[in-house]
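In what follows, a single structure is set out as structure tokens and then discussed.
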Amino acid sequence: MVSYEEALESALAAMQGSQEVESVTIDRALGRVLAEDIYARRDLPPFDNSAMDGFAFKWSDLNKIMKVEGTIFAGDKKELPLQEGECFKIMTGAKLPASCDTVAPIEICDYQDETMSVKKDIAKGNAVRERGEELSSGQLILKRGDILNASKIALMASQGITEVRVYKKITIAIASTGNELKEPHEEAGEGEIYNINAINIAMHLKELGFDSVYLGVVPDSLEDAKSFIEKFKEYDVAITTGGISKGEADFTKQAFEHNGLDVIFSGVNVKPGHPTLFGLMDNTFVMAMPGNPLAAILNILLLGVPVLLKMQGAREHSHHTVKVEMAYGLTLNPKRVNIVLGSVKEGRFYPYKKNRYGSGMISPLAESNAIAICKEGLAQIAEGDIIDIIEIG
């Protein structure tokens, strides 16, 4: 059995980042990982322009009554000359003539009979967005390993980029164990339960940008399980739930070992989720989770996701933590890492039902938006203590 920190470190050390690359159009790049650095192709904005509707003029004419020589709309390309004592009406985003250096918003201007005067003092350069003030041509704007979200894709679009090189998606296969399992579309009879682990893991991974396939339920006989497990070798990652504790019918680990599993760790000193195994089976990374739903998904989120992000080529794969204040005190088992679910409200962390719930439950995760990882050796958290949490929803 290893500590939570040792489990995460050893798993990350055993896996290399993605190397296979493909090109996709930016409208298909959401959630993908960049395989190249991206540089600005042009200044942003590409020309001096007006930040609002108003009047453009030379600041030296600020206190004069100016003659309005016309209107400049966004998209107008003609360069318009300007004489002393003249101005232009200008629209938001329109190119600022070289002869102008200031824009007065229309709300502070007195405009009548084709003349305009400014009713308030304003600084030179007011309401002018200068060329290149956001980005300069040649500037690094995105790094290899960045995960592309809508904002990053919009940034590429601002540079006229239509196609980008990304790492190929890793392939993930999921299976459950247990003859008592019924799929959600089947009828569950006496002594049977619905298989929630597979869909739970698949949907959480999908939220994070990972696709997966469901292979079904591992047969509850060792020989059949050996053949079933071999199918995982077609994928980059194999995820199973159940079948790895010391019960008589729990032989998933044996089936993996028959297929050449090299164990990275087996058993983690954490609650919930002690019976967790990570390993390598040829070129397939194996994540064998506990059968209890809450333990399974928490170990996928806390231990599995950083490994998947690294495999996918992501530059950052560590959990982002936020400091919050404890809403009330908790007593913990100091002999292990305690994973505590709860909700953050106005900067305070409220443990779900004061941390009184079981690893076989699913409601605690559905009703929580944060996870606190309480380190081994910690026996007590007092109200008002500052702790680190990971936001999950």
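The values are calculated or read from the model by the stated rules, or taken from the named source; none is laboratory data. Please read these numbers as outputs of a predicted model, since none were measured by experiment. Quick reminder, even Gly has a Cβ in these numbers, built from the backbone with ideal geometry, and neighbours come from all protein chains shown.
Taking into account only those residues within the stretch 69-119 that are among the basic types (Lys, Arg) and not in a strand (DSSP E or B), which is nearest to Asn49 (Cα to Cα)?
Let us first name the residues in the stretch 69-119 that are among the basic types (Lys, Arg), namely 77-78, 89, 95, 119.
Still in the list and also not in a strand (DSSP E or B): 77-78, 119.
Numbers: Lys77: 12, Lys78: 14, Lys119: 22 Å.
Residue satisfying both the conditions and the ranking: Lys77.
Considering the stretch 315-337 alone, what residues qualify as being in contact with a Pro (Cβ under 9 Å, 6 or more places away or on another chain), in contact (Cβ under 8 Å) with a residue 24 or more places away in the chain and not aromatic (Phe, Trp, Tyr)? Explain how you work it out, then say what you get.
Our first condition is that a residue be in contact with a Pro (Cβ under 9 Å, 6 or more places away or on another chain); within the stretch 315-337, this holds for 317-319, 326-328, 330.
Adding the requirement that they be in contact (Cβ under 8 Å) with a residue 24 or more places away in the chain leaves 317, 319, 326-328, 330.
Within the stretch 315-337, His317, His319, Met326, Ala327, Leu330 qualify.
Mind listing just one residue for me: the one in the stretch 351-393 that is of a type in the set (D, E, K, R) and in a loop (DSSP other than H, G, I, E, B) and, of those, surrounded by the fewest Cβ atoms within 10 Å (Cβ to Cβ)? Write out each step before concluding.
Taking the stretch 351-393 first, the residues of a type in the set (D, E, K, R) are 353-354, 356, 367, 375-376, 383, 385, 388, 391.
Adding the requirement that they be in a loop (DSSP other than H, G, I, E, B) leaves 356, 367, 375-376, 383, 385.
On the way: Arg356: 8, Glu367: 14, Lys375: 14, Glu376: 16, Glu383: 11, Asp385: 13.
By that ranking, first place goes to Arg356.
Going through the stretch 215-244 one residue at a time, which ones are modelled with pLDDT of 95 or more, of a type in the set (A, V, I, L, M, F, W, C) and crowded, with 22+ Cβ neighbours inside 10 Å?
Passing the criteria: Ile229, Phe232, Val237, Ala238, Ile239.
Rundown of residues vs (1) modelled with pLDDT under 95; (2) farther than 26 Å from Ala11 by Cα; (3) buried (at least 23 other Cβ atoms within 10 Å of the Cβ), yes/no style:
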| site | (1), (2), (3) |
| --- | --- |
| Met287 | no, no, yes |
| Val307 | no, no, no |
| His319 | yes, no, no |
| Lys345 | no, yes, no |
| Phe349 | no, yes, yes |
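Of Leu62, Leu80, which residue is at pLDDT below 95 and not assigned by TED's automatic domain parsing to the domain that holds Gly304?
Leu80
Any idea how many residues of the stretch 85-94 are more than 15 Å from Ser60 (Cα to Cα) and surrounded by fewer than 23 Cβ atoms within 10 Å (Cβ to Cβ)?
The number of residues fulfilling the criteria is 5.
Inspect all residues belonging to the stretch 180-194 and state whether any of them is of a type in the set (Val, Ile, Thr), on the phi < 0 side of the Ramachandran plot and part of a loop (DSSP other than H, G, I, E, B). Give the steps one after another, and end with the answer.
Initially, the stretch 180-194 is screened for residues of a type in the set (Val, Ile, Thr), giving 193.
After this cut, where a residue has to be on the phi < 0 side of the Ramachandran plot as well, the list is 193.
So of that shortlist, the ones also part of a loop (DSSP other than H, G, I, E, B) come out as none.
So far as the stretch 180-194 goes, no, none of its residues is of a type in the set (Val, Ile, Thr), on the phi < 0 side of the Ramachandran plot and part of a loop (DSSP other than H, G, I, E, B).
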